[in-house]
Amino acid sequence: MPDVILRILSIIGIVLLILLGMVLLSLLLVLFWPVTYRVKGEKDTEKLSVTAKADWLFGLVRVRYAYPEPGNVVVKLLWKTLVDTGQKKEPSEKKQESGKQTENAEPEEKSVPVESKAFMETAGAEGSPEAAGPAADVEMSTVEPTANAEEQVHNKPVSRILEKIQNIKYTISKIYDKIKEIWANISYYTALLREEDTALLWKHVKLRLGNILKDIRPRHIKANVLFGTGAPDTTGYAFGVCCMLLPVLGKNICVSPDFNRKVLEGNVDVSGHITLYTLAWNALKLLLDKKLKLFIKKMKAGRKENGR
């Protein structure tokens, strides 16, 4: 009996180790297997076309984009399409059409009985000023404004002026309080940015962002561009800047200026890869920095002090 229990436990342990190994292997593949990308573009006087694609794990996951044909993003896992922005949603269109039909439909008039109509007509005739006769007109004409009404008429311009003055004072006080609040915020955040911990945090942020940009930058760039701004001087300035950047961009880039006309034509081919490990590691190191947590706490404390 003990031997059977030990064999069962050993089998369970082996299965668990295999599962753990598979999980670790999949995690390593996700982190260290690069996502390759490639972007191509072509521009002439008539049209502009751009195609982009990204693959991961020997094409297990694929992302495609093309402009202007078909002009949508497609994400596929093996043969199954996960995302396709170009698919038409027929049910939603039918719902919209049915909603428009209900909006355009005119409401039906409710039928009123003949007896109720006659009663309404007689009531309206009795309640009209004509039915009251000349006696009502005489009584209305004899009504004269009282002394209080005359005083209210004379005091209306003065009350309006006082009300406008109060509104102006209120607006000026609100503007003053807002400027005071903004100035307090600026002084607080300026002092916070000048602190030594903030300077060290900014250096750490630049280091991590530099590592991320270094990983995602294109490894291969090939371009052939013809450009012109329409003016010889500005075209010359732009061409000088391009010549200074060519040693950094690479030898496969050819830039030709056109000093006579305004034009932008050519083709570009860019490719590279991105490693998720680099992104995750640098982001994690930055999030775990104590200076970042302290900076966020001081930002929240400044908002509470200033009533924000």
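The values are calculated or read from the model by the stated rules, or taken from the named source; none is laboratory data. The shown structure was predicted, so the numbers you read here are calculated from the model rather than taken from an experiment. Ideal geometry is used to build each Cβ from the backbone, glycine not excepted, and the neighbour counts take in all protein chains shown. Remember, those area values only see protein heavy atoms, side chains included, never the ligands or the DNA or RNA. Shrake-Rupley method; radii C 1.70, N 1.55, O 1.52, S 1.80 Å.
Observations, loosely collected:
- Packing rank of 284-295, 30-41, 75-86, where each peptide gets the mean count of other beta carbons within 10 Å, highest leading: 30-41, 284-295, 75-86
- Pairs from Lys40/Lys285; Lys203/Lys300; Lys47/Lys262; Lys169/Lys297; Lys178/Lys290 whose Cα-Cα separation, in the structure shown, is over 27 Å: Lys40/Lys285; Lys169/Lys297; Lys178/Lys290
- Cβ-Cβ FRET estimate between Val73 and Ile179, R0 fixed at 41 Å, reported to 0.05: 0.30
- The packing ranking, built from the mean of other Cβ atoms within 10 Å per residue, places the peptides 265-274, 238-247, 172-181 in the order 265-274, 238-247, 172-181, highest first.
- Hz values of 3J(HN,Hα) by residue in segment 242-256 - Karplus curve (6.51, -1.76, 1.60), Gly and Pro given as x: 4, 5, 6, 8, 4, x, 7, 6, x, 8, 8, 10, 10, 10, 10
- Label sites at Ser187 and Ser271, each approximated as a point 7 angstrom past Cα along Cα to Cβ, lie 6.0 nm apart.
- Table column - 3J(HN,Hα) (Hz), segment 197-212, Karplus curve with 6.51, -1.76, 1.60, x for Gly and Pro: 5, 5, 5, 5, 5, 5, 5, 5, 4, 4, 5, 5, 5, x, 5, 5
- Whole-percent carbon and sulfur share, accessible surface of segment 161-210, 1.4 Å: 68
- With an a/c value of 1.5 or above and a/b not larger than b/c for the gyration tensor axes a ≥ b ≥ c computed over the alpha-carbon atoms, segment 163-240 is described as oblate.
- Rg/Rh (Cα only; Kirkwood hydrodynamic radius) as it applies to segment 241-300: 1.29
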